[in-house]
Amino acid sequence: MPLPRAPGKKSDRLNLDQPGNTAVAATPLQATNATQAAVPPAPAQRPTQRPVVAAAPAAAPASAPLEQIETRRPAPAPVVTALTPAPVAASVAPPAPTPAAQTAAPAAAHTASAAPAAADPQVPAPAAEAQRPSGRSRSQRRERGAARDGADGVRSAQSAAPKLFVLDTNVLMHDPMSLFRFEEHDVFLPMMTLEELDGHKKGMSEVARNVRQVSRELDQLVSLQGLDRPLEGIPLAATGHSGAGGRLFFQLGSLPTELPTGLPQGKADNQILGVVQALRRAHPERQVVLVSKDINMRVKAHALGLAAEDYTSDKTLEDGDLLYTGSLALPADFWATHSQNMESWQQGGHTHYRIQGPMCRQMHINQFVHSDDASQPLQARVVAITGPTVQLRTLKDFTSSRNSVWGVHARNAEQNFALNVLLDPECDFITLTGTAGTGKTLLALASALQQVFDDRRYSEIIVTRVTVPLGEDIGFLPGTEEEKMGPWMGALDDNLEFLTRGNAAGDWGRTATQDLLRSKIRIKSLNFMRGRTFLNKFIIVDEAQNLTPKQMKALITRVGPGSKMICMGNIAQIDTPYLTEGSSGLTYVVDRFKGWQHSAHITLARGERSRLADFASTAL
């Protein structure tokens, strides 16, 4: 059932299917959205264009029902054959028409009668207007100006009125709280959307859980407000979501749709497109927008002349290049602009600086600053921010072989930054991003072995990852949980082999070492993380770019006291459907944990796996 129209608004259209209704010099979109009225034939004693202008119909009254108004254009023959100027006063009669004007008179009459079509701002201007004769009477110009003013008024009314967003099913499956993300605008749920939600509510998948949450939210809204007055909608803020200022509307009955015959009428996507089309015609005073995560559906909507948008409320960033990198390059004149009132001292084998200056406003806690100036090189970490004052602390140099971690030393500045925070017991949550071959897994595993076996800081290592295949799924895997996760942990095996390759005891000693290491490594599946609490564990989450923000939250909240979590991945290699660089869970936590004193983030920029892998990651 369509929503109630605003007072004084009406959306009628020309029925081109009836015989005799031919739109002269007008596009199909114009004829569909125009409000037509019958034009009486011109009187024989006044064969001028004045009757054509006077016959322009007024807007239909607000009380007229939404129906098809059939318009029959008068035959152009009488207007052309009897076109003889009559002796009328010059102040009243229009100029004598030229032969070109005689031919264009029927088209001008039809265009003048179609003036109310400007009610729809998305309908393009008719092509016939550009071909009108230049000689227009004063009354014609007044009539055309009135039509233009009416169109401008409708456009301004549309921009001022709240939008009406029609939600596709995949939006609710992706974000169960999407109902409350549209601020002051209204939300419309087609019946097919509710039907598809009902078909996906069973199961233990993330989609099924989201669907059940949507059902609970809808049930709560209906229970609190009821559907006694369905045309007025349900306030979305009724359940405590103060940011939602719009109303929720349901489709209460069938809506008249006219989709192209080539589209299957029974398909769910096409039915939702038909609902959007019907709402747009029934409410020309409002902007009706389809919101869908399905690219093909948005393309079809645009092809039908309907407004469609992607759901972007879940995106942390619009562009992945804007992601916080965790490091800041200092300009060459940094010390010249920040050395005034500077304090420095030695403590714990590190040099500390307390500075003030314009760049201090750009710094965050646990962010790394570096200067490549050969005369004054610096690699430091922001350890405290007090108002305009920033305290820096120099780093331990892990590029030297004397400070290697299980035989691994940093090969560039970013790896040195990463090892400094990975070995810091005060950092509980660390994120590492970078392209393939930058050393994310190797650095995390080496620092984990160092702190489990040598420092005895953690009891064991927990390794997990998202089981999203790169290609087609190979089916069910036999064995226990750890055996099922084995094929997904090829990166762990490769890095363990690298870390134990220098064992002087030969193959037997290397095998014994690997068995010892594996005794302290537990491989867990994300599917069984609910309700767990990890105490005194070093947790490594690989391929975290494939996690949703909700999954990332559920995983981080499993961490207990004395534990450290490392999340790493490449946001350019996302395999989960409907996830992008801006909406990934890894991007989400990097942005939300920025500035927390017990977290850090590093973007590894340089590949160190091999020259082939480094070139391929940039060239392909």
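Please work out if P469 is at pLDDT below 80 and in a loop (DSSP other than H, G, I, E, B).
Criteria met by P469.
Considering region 514-550 alone, what residues qualify as being under 21 Å from Q573 (Cα atoms), β-branched (V, I, T) and touching a Phe, Trp or Tyr at 6+ places or on another chain (Cβ under 9 Å)?
T548
State whether one or more residues within region 290-298 are open to solvent by 60 Å² or more (accessible area, probe 1.4 Å), charged (D, E, K, R), closer than 22 Å to T169 by Cβ and modelled with pLDDT of 90 or more.
No - not one qualifying residue is present in region 290-298.
Counting only residues that are more than 15 Å from S525 (Cβ to Cβ), open to solvent by less than 80 Å² (accessible area, probe 1.4 Å) and at pLDDT 65 or above, how many does region 472-501 have?
Of the residues in region 472-501, 8 are more than 15 Å from S525 (Cβ to Cβ), open to solvent by less than 80 Å² (accessible area, probe 1.4 Å) and at pLDDT 65 or above.
If you scan region 365-382, which residues turn out to be buried (at least 16 other Cβ atoms within 10 Å of the Cβ) and touching a residue at least 24 places away in the same chain (Cβ under 8 Å)?
Across region 365-382, the qualifying residues are I365, N366, Q367, F368, V369, H370, S371, L378, Q379, A380, R381.
Conditions tested, residue by residue: (1) open to solvent by less than 40 Å² (accessible area, probe 1.4 Å); (2) within 16 Å of G585 (Cα to Cα); (3) among the acidic types (D, E); (4) modelled with pLDDT of 90 or more.
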residue	(1), (2), (3), (4)
S525	yes, no, no, no
G531	no, no, no, no
K550	no, yes, no, no
I566	yes, yes, no, yes
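Among the candidates T464, T431, which residue alone is in contact with a strand residue (DSSP E or B) (Cβ under 7 Å, 6 or more places away or on another chain), open to solvent by less than 10 Å² (accessible area, probe 1.4 Å) and at pLDDT 95 or above?
T431
Out of (1) among the hydroxyl-bearing types (S, T, Y); (2) closer than 24 Å to P549 by Cα; (3) at pLDDT below 90, the odd one out for T169 is which?
Unmet condition: (3).
Can you tell me which condition I556 does not meet? The list is (1) under 27 Å from the mean Cα position of the chain (by Cα); (2) open to solvent by less than 10 Å² (accessible area, probe 1.4 Å), and all the others hold.
All conditions are met except number (2).
Could you tell me which of the residues A244, A301, A308, A237 is assigned to a strand (DSSP E or B) and of a type outside the set (D, E)?
So the residue among A244, A301, A308, A237 that is assigned to a strand (DSSP E or B) and of a type outside the set (D, E) is A308.
Give me the residue from region 425-445 that is in a helix (DSSP H, G or I) and among the hydrophobic types (A, V, I, L, M, F, W, C) and, out of that set, farthest from Q597 (Cα to Cα).
This residue is L442.
Kindly establish whether F398 is touching a Gly at 6+ places or on another chain (Cβ under 9 Å), of a type in the set (A, V, I, L, M, F, W, C) and either under 30 Å from F182 (Cα atoms) or open to solvent by less than 50 Å² (accessible area, probe 1.4 Å) (or both).
Spelling it out, it is not the case that F398 is touching a Gly at 6+ places or on another chain (Cβ under 9 Å), of a type in the set (A, V, I, L, M, F, W, C) and either under 30 Å from F182 (Cα atoms) or open to solvent by less than 50 Å² (accessible area, probe 1.4 Å) (or both).
Being open to solvent by less than 30 Å² (accessible area, probe 1.4 Å) and modelled with pLDDT of 85 or more is the filter; apply it to region 225-238 and report the residue that is nearest to the chain's Cα centre (by Cα).
L236
Restricting to region 300-343, what's the tally of residues that are among the hydroxyl-bearing types (S, T, Y) and either surrounded by fewer than 16 Cβ atoms within 10 Å (Cβ to Cβ) or without any contact (Cβ under 8 Å) to a residue 60 or more places away in the chain (or both)?
4
Can you name the residue in region 533-548 that is of a type outside the set (A, V, I, L, M) and surrounded by 15 or more Cβ atoms within 10 Å (Cβ to Cβ) and, of all such residues, is farthest from T435 (Cα to Cα)?
F534
List the number of the failed condition for S610; all other conditions in (1) within 25 Å of the chain's Cα centre (by Cα); (2) polar (S, T, N, Q); (3) open to solvent by 40 Å² or more (accessible area, probe 1.4 Å) hold.
Going through (1) within 25 Å of the chain's Cα centre (by Cα); (2) polar (S, T, N, Q); (3) open to solvent by 40 Å² or more (accessible area, probe 1.4 Å) one by one, S610 breaks only (1).
Looking at the structure I just gave you, is G357 more than 28 Å from M568 (Cα to Cα), open to solvent by 60 Å² or more (accessible area, probe 1.4 Å) and among the small types (G, A, S)?
No: the conditions fail for G357.
Please find, among V207, V222, V211, the residue that is without any contact (Cβ under 8 Å) to a residue 60 or more places away in the chain, open to solvent by 30 Å² or more (accessible area, probe 1.4 Å) and within 21 Å of the chain's Cα centre (by Cα).
Testing whether each residue is without any contact (Cβ under 8 Å) to a residue 60 or more places away in the chain, open to solvent by 30 Å² or more (accessible area, probe 1.4 Å) and within 21 Å of the chain's Cα centre (by Cα) leaves just V207.
Would you mind telling me which numbered condition in (1) surrounded by 13 or more Cβ atoms within 10 Å (Cβ to Cβ); (2) at pLDDT 90 or above T511 fails?
Against the list (1) surrounded by 13 or more Cβ atoms within 10 Å (Cβ to Cβ); (2) at pLDDT 90 or above, T511 comes up short only on (2).
Go through region 570-607 and count every residue that is open to solvent by less than 20 Å² (accessible area, probe 1.4 Å), among the polar types (S, T, N, Q) and more than 19 Å from E543 (Cβ to Cβ).
Result for region 570-607: 1.
Tell me, yes or no, whether region 183-195 has at least one residue that is without any contact (Cβ under 8 Å) to a residue 60 or more places away in the chain, out of contact with any Lys or Arg (no Cβ under 6 Å at 6 or more places or on another chain) and in a helix (DSSP H, G or I).
yes
Give me the residue from region 252-284 that is of a type in the set (S, T, N, Q) and assigned to a loop (DSSP other than H, G, I, E, B) and, out of that set, least open to solvent (accessible area, probe 1.4 Å).
T257
What's the number of the condition V390 fails, among (1) assigned to a loop (DSSP other than H, G, I, E, B); (2) in contact with a Cys (Cβ under 8 Å, 6 or more places away or on another chain); (3) of a type outside the set (K, R)?
If we test V390 against (1) assigned to a loop (DSSP other than H, G, I, E, B); (2) in contact with a Cys (Cβ under 8 Å, 6 or more places away or on another chain); (3) of a type outside the set (K, R), just (1) comes out false.
The values are calculated or read from the model by the stated rules, or taken from the named source; none is laboratory data. Since the model is a prediction, treat every value here as computed from it, not as a measurement. Positions of Cβ are backbone-derived with ideal geometry, glycine not excepted, and every protein chain shown enters the neighbour counts. Note: areas computed on protein heavy atoms with side chains; ligands, DNA, RNA excluded. Shrake-Rupley method; radii C 1.70, N 1.55, O 1.52, S 1.80 Å.
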